[in-house]
Structure formats: structure tokens, C-alpha cells
Amino acid sequence: MGILDFIFPKYCVNCKKLGDYICSNCFSRLSFDTEDICPECSKPAISGITHPKCRKKYSLEGTFTALVFNPTLKKIIYQFKYSPHLSDLRGVLIDLAYESLIQNQEFQRVLRSEMKKLIFIPIPLHPSKFRKRGYNQSEILAKELGKKFDIRTFNVLKRIKYTKSQVGLIKEKRRENIRNAFAFDNKFKKHIARKSIFLIDDVLTTGSTTSEAGKVLKKAGAGKVWAVTLAKEK
Ligand SMILES: [Zn+2]
Ligand SMILES: [Zn+2]
């Protein structure tokens, strides 16, 4: 036990047991066995690949979620969202997400086929939310995962519409709520032209946020776009 552990003892974020940010018992409840959805219709889809019948000109190619959303993970993500500088906890979460993604066959396939063209783009927060919080958790996630995959992160999207919380809204309302929420500054065009993009967000709900952001990027000249998130919220 280091001196810092003595001064700032660690408690499990889930069950409050002393010792670690995630105790071994709670850790064992986390799972990579995610049920992936089509980003367009939000229904289950094999490997998260957009259903052929749902594909439109600007739709995402698919979604990747790293971990199964359960009460334990919910608490860990909440901590990451609101205290991302708890670096031990952040490290555990990023390691888990990385481990899950590299074990995902479809993700592996995309990594191999798009290798030289891949970049990470985080979903931005509205400036007023950013000012209040001081950081964007999706940007932290993108940069940390980017280091592991050796993929660069470009912060090129802006949130221009203050959206009410998506919680409790049905799918159609979410799409409406998020419409025209993002803007792309054309000065960044060269960074995304014909690139393959992993759009990074902390949690996926119906996929409407990442779909809307993907549409903006594709209209601006991006190649293929996938959503990559920690988990899919139920
Ligand atoms: Zn625990
Ligand atoms: Zn679909």
C-alpha cells in the first residue's frame, strides 16, 4: 500500500469495499458480451453492422460497444463521466474497453482494412456544458484509447444546439432533439477527407447522437464512419 492509498483510501465505486476502485467481486460482473445494435433503427444487428435495408447515403457503417451495461458498469461510467481525473479508475475502464475492442472480430477486421486511414473524433459537449464541467469525457476517452491503438484524435465537431437530456425520450423524439446539433468547421476538412472515422462517445442509447454526428462528417467529405462507445445504455 502506497502512502497515497493511506491518505486517500480507495473504495470500490460499486459496493464501497475498501481497497480498490473496482473490487474483484464487482470486476467479475463486467462482461464483454455486448448485444450490438444497428445505428439507424436501434434494433439488434449482428456485430453492430448497419442493416442493409437501413443504409442511407450518410448512415454509419456500424456501432461498437465495449462492455455490457449493468448496474456495476453504470456506476463506473458515472464516476468516469463526473470524475475522469480519478486516473486509476479511468485506467481500468480504458483498459477494459481496449481489451474488449481488440477481442471483437468485426472491430479487428475494420482496424486491418482501414488501418492507415483511421482517426478518432469525440462527440463534443455544448460549450456551456463544457464550461461548467471543464472537460469532455468523450474527448478523454478518445485520446486515451487513441494512445493504445496509435490512432490520432481530432476534435473537429462543435455542438451548436443545446439539447435537453435524451433520457426518457422515445427514439423518434431523440432523433428530432439531436437534429442539427452539430457543426463542422470547414477549416478541418483536410483532416477528415476520405478518412475512416471512429466516433467516440461514452454511452450509446439509440444511436441517434452518433448517427447525426456521422452525417455531418460524411457531408463534409469523410469516408466510412463507425460509432465506438463504452456501453449501450438500456
Ligand atoms: Zn465492489
Ligand atoms: Zn437497422
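A short reminder: the numbers here are calculations on the coordinates, not readings from a lab. What you see is a predicted model; the values in this text were computed from it and never measured. Counting neighbours? That spans all protein chains shown, and the Cβs are built from the backbone with ideal geometry, glycine included.
Summary table below
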item: The chain: antiparallel DSSP beta bridges as a percent of all, rounded to 5; result: 25 percent
item: Nearest 10 degrees, 0 to 90: helix 71-82 Cα axis against the chain principal axis; result: 80 degrees
item: Inter-label distance, nm, simple model (7 Å from Cα along the C-beta direction), Asn25/Cys41; result: 4.3 nm
item: Total formal charge among the other residues, if their Cβ is under 14 angstrom from that of Val92, Lys/Arg +1 and Asp/Glu -1; result: 0
item: Candidate aspartates and glutamates for bridging to Lys81, where Cα separation is under 12 Å - those fewer than 8 sequence places away on the same chain excluded; result: Glu139, Asp201, Asp202
item: Listed pairs Lys129/Lys232; Lys16/Lys158; Lys195/Lys232; Lys10/Lys143; Lys117/Lys187; Lys53/Lys148 exceeding 30 Å between Cα atoms; result: Lys16/Lys158; Lys53/Lys148
item: At R0 = 41 Å, FRET efficiency that the Cβ-Cβ distance of His85 and Lys53 yields, to 0.05; result: 0.40
item: Packing rank of 160-172, 221-233, 120-132, where each peptide gets the mean count of other beta carbons within 10 Å, highest leading; result: 221-233, 120-132, 160-172
item: Sparse-neighbour loop sites [GluC sites (Glu not before Pro); region 63-132; at most 16 other C-beta within 10 Å; DSSP]; result: none
item: Lys132-Lys173 pseudo-label distance in nm [points 7 Å out on the Cα-to-Cβ vector]; result: 2.0 nm
item: The chain: most fluctuating residue of Leu199, Leu111, Leu157 per GNM, C-alpha cutoff 10 Å; result: Leu111
item: Taking N as its residue count, the alpha carbon Rg of the chain over 2.2 N^0.38 Å; result: 1.01
item: Residue among Leu86, Ile37, Gly19 farthest towards the positive dipole end of the chain, charges placed on Cβ; result: Ile37
item: Most mobile listed residue (Thr210, Thr63, Thr72) in the chain, GNM with C-alpha springs under 10 Å; result: Thr72
